[in-house]
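The structure appears right after this line, and notes come after that.
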Amino acid sequence: MEGAELAGKILSIWLTLVLGFILLPSVFGVSLGISEIYMKILVKTLEWATIRIEKGTPKESILKNSASVGIIQRDESPMEKGLSGLRGRDFELSDVFYFSKKGLEAIVEDEVTQRFSSEELVSWNLLTRTNVNFQYISLRLTMVWVLGVIVRYCVLLPLRVTLAFIGISLLVIGTTLVGQLPDSSLKNWLSELVHLTCCRICVRSLSGTIHYHNKQYRPQKGGICVANHTSPIDVLILTTDGCYAMVGQVHGGLMGIIQRAMVKACPHVWFERSEMKDRHLVTKRLKEHIADKKKLPILIFPEGTCINNTSVMMFKKGSFEIGGTIHPVAIKYNPQFGDAFWNSSKYNMVSYLLRMMTSWAIVCDVWYMPPMTREEGEDAVQFANRVKSAIAIQGGLTELPWDGGLKRAKVKDTLKEEQQKNYSKMIVGNGSVS
């Protein structure tokens, strides 16, 4: 009995501390400064560790690591320049060398598949999973790493799991209850309150530190918010600062439970990408939504999949065909504190969240950008590319023309045929390649 009473007291004290120092401040959107102190200590620790690593690592190893970001040096010139002097002439056997070179570059290090794995760090951040080439440097650094493991797994992880459980449970229960109410301004207000509160709690469960820039450009009601996509927590990051009606693919497991609960309280749109009828329904729902300027802005990730925080890939044109005002948002995570990228082909949602909760913190910048509209004579693809370029420039990301669907599918025959047509035009001289 004494053991049970002691455990009960410890649990009650634990929940009281969580309620008083984290949950209540989250509800009111205020901070007690605890996370700021934690981040200052963490930054100082990582800076010290970086200096120790640089002192204890041979120069040859440093050069090797710095070169590992890019294995090969690419010639980014277009086909016209690569095959200079060919225009208007017949095929020459030497042309094979140009295409062989490009093929070998793609085999050694293509610029697509590397976007679907975690980005490499310049310096180790004291997380075992990011130190691929481990080597002993000093006893002091080893002791700091051991202390970090104890703090992350024995202190932070239980706290974060508690917060995540509370946040997700409140979200599911709250949206389910609000969904029983008839449509009214009260229901909308309660729905926004539940979403904001629960998302703030969930962000606290990741020790999230978010820096919002240009808040005067926050998405307005009746508009469409488009952002680059790194992780499912992108939704939490944005919803902490304002509510959205979300559009996304249907998921199973834990994510599916959350989706089914959320749609009861707010007009989110979940669809199955493989179903053509679902895609038509989404387009119809989006047009109806933006026609009502009193409804929440729609949140869309046009890439359609998670990219590893280094690049922005092709935006699907669907969300740019329906008209309305586009509110671009750029999201950039700081990988030094934790890798936010979700490799869905490698980790399920629960495994991914555990990785997040055993990281140091999730730190990111969010840039709201001036609204953009489709210009006269501009088609949906051109508009999507213009928005994508703006987001890439603002977030310091690499802009790539490739479809994120290549994460799970093969290259479409149309892309191969396009290169073949460009080459044939150069030979016969029927036009220039843009």
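What are the ³J(HN,Hα) values, in whole Hz, obtained from phi via the Karplus relation 6.51 cos²θ - 1.76 cosθ + 1.60 with θ = phi - 60°, for each residue of segment 260-271 in sequence order, with x given for Gly and Pro?
The phi angles translate into 5, 6, 5, 5, 6, 9, 9, x, 6, 10, 10, 9 Hz.
I want the antiparallel fraction of DSSP beta bridges within segment 137-407, as a percent rounded to 5. Display every interim value, and only then the final one.
Numbers: 6 of 26 bridges.
Around 25 percent antiparallel, to the nearest 5.
Can you tell me how much longer the chain between Asn343 and Ile37 gets when fully stretched, taken as 0.36 nm per residue apart minus their C-alpha distance, in nm with one decimal? Each step should come with its number before you reach the end.
On the way: separation 306, 0.36 × 306 = 110.16 nm, distance 3.10 nm.
Length gained between Asn343 and Ile37: 107.1 nm.
Quote to one decimal, in nm, the extra length available between Leu139 and Tyr153 on full extension: 0.36 nm per residue of separation minus the C-alpha distance between them.
Numbers: separation 14, 0.36 × 14 = 5.04 nm, distance 2.12 nm.
Full extension from Leu139 to Tyr153 adds 2.9 nm.
Under 8 Å for C-alpha pairs, at least 6 residues apart: give me the relative contact order for segment 137-407, rounded to a whole percent.
Values: 456 pairs, mean separation 67.8, N = 271.
This gives 25 percent for segment 137-407.
Hey, can you grab everything whose amide H is under 5 Å from the amide H of Ser311? Only 5+ residues off in sequence or another chain; H modelled, so Pro and N-termini drop out.
Thr398
With the dipole of segment 137-407 worked out from charges on the C-beta (+1 for Lys and Arg, -1 for Asp and Glu) around the Cα centre, which of Met143, Cys154, Ser207 lies farthest toward the positive end?
Farthest along the dipole direction, towards plus: Cys154.
Could you work out the Rg to Rh ratio of segment 137-407, with Rh taken as the Kirkwood radius (inverse of the mean 1/r over all Cα pairs)?
On the way: Rg = 19.1 Å, Rh = 19.5 Å.
My calculation of the ratio gives 0.98.
Step through the residues of segment 386-391 one at a time and calculate ³J(HN,Hα) from phi using the Karplus curve (6.51 cos²θ - 1.76 cosθ + 1.60, θ = phi - 60°), rounding each to whole Hz and writing x for Gly and Pro.
With the stated coefficients, segment 386-391 comes to 5, 5, 4, 4, 5, 5 Hz.
Place a point 7 Å from the Cα of Lys284 along the Cα-to-Cβ direction; which residues of segment 226-256 have their backbone N under 20 Å from it?
Taking a point 7 Å out along Cα→Cβ of Lys284, the residues of segment 226-256 whose backbone N falls under 20 Å are 246-250.
Taking amide H atoms as placed 1.01 Å from N in the peptide plane, list the residues 5 or more away in sequence, or in a different chain, whose amide H sits under 5 Å from that of Phe271.
It is Gly248, Gln249, Val250, by chain and number.
Would you please name the chymotrypsin sites (Phe, Trp or Tyr not before Pro) within segment 283-350 that are DSSP coil residues with at most 14 other C-beta atoms within 10 Å of their C-beta?
On the way: sites: Phe315, Phe320, Tyr333, Phe337, Phe341, Trp342, Tyr347; in loops: Phe315, Phe337, Phe341, Trp342, Tyr347.
Counting only loop positions with at most 14 other Cβ atoms within 10 Å, the chymotrypsin sites (Phe, Trp or Tyr not before Pro) in segment 283-350 are Tyr347.
Which ³J(HN,Hα) values in Hz, rounded to whole numbers, follow from the phi angles of segment 176-188 under the Karplus curve 6.51 cos²θ - 1.76 cosθ + 1.60, where θ = phi - 60° and Gly and Pro get x?
5, 5, 4, x, 7, 7, x, 4, 6, 5, 5, 4, 5
Could you check the simple spin-label distance between Glu47 and His211, using points 7 Å along Cα→Cβ, in nm with one decimal?
Distance between label points: 1.4 nm.
Calculate, for Lys293 and Lys101, the FRET efficiency according to 1/(1 + (r/R0)^6) with r their C-beta to C-beta distance and R0 45 Å; round to the nearest 0.05. Each step should come with its number before you reach the end.
Details: r = 54 Å, r/R0 = 1.20.
E between Lys293 and Lys101, to the nearest 0.05, is 0.25.
How big is the equivalent ellipsoid of segment 193-332 along its three axes, where each semi-axis is √(5λ) from the Cα gyration tensor, reported in whole Å from largest to smallest?
Values: eigenvalues 92, 63, 56 Å².
Semi-axes (√(5λ), whole Å): 21, 18, 17.
Going through the cross-link list Lys316/Lys421; Lys317/Lys421; Lys332/Lys388, which pairs have a Cα-Cα distance over 18 Å in this structure? Before the final figure, lay out the partial values.
Values: Lys316/Lys421 24 Å; Lys317/Lys421 24 Å; Lys332/Lys388 14 Å.
Lys316/Lys421; Lys317/Lys421, as the Cα separations exceed 18 Å there.
Dipole size in debye (nearest 20) for segment 137-407 around its Cα centre, Lys and Arg Cβ +1, Asp and Glu Cβ -1? Let's see the in-between values first.
On the way: 29 positive and 19 negative charges, 113 e Å.
It works out to roughly 540 debye.
Read the figures in this text as sums done on the coordinates, not as results from a lab. Please read all numbers here as calculations on a predicted model, not as lab measurements. A quick note on method: Cβ atoms are made from the backbone with ideal geometry, for glycine too, and the neighbour counts reach across all protein chains shown.
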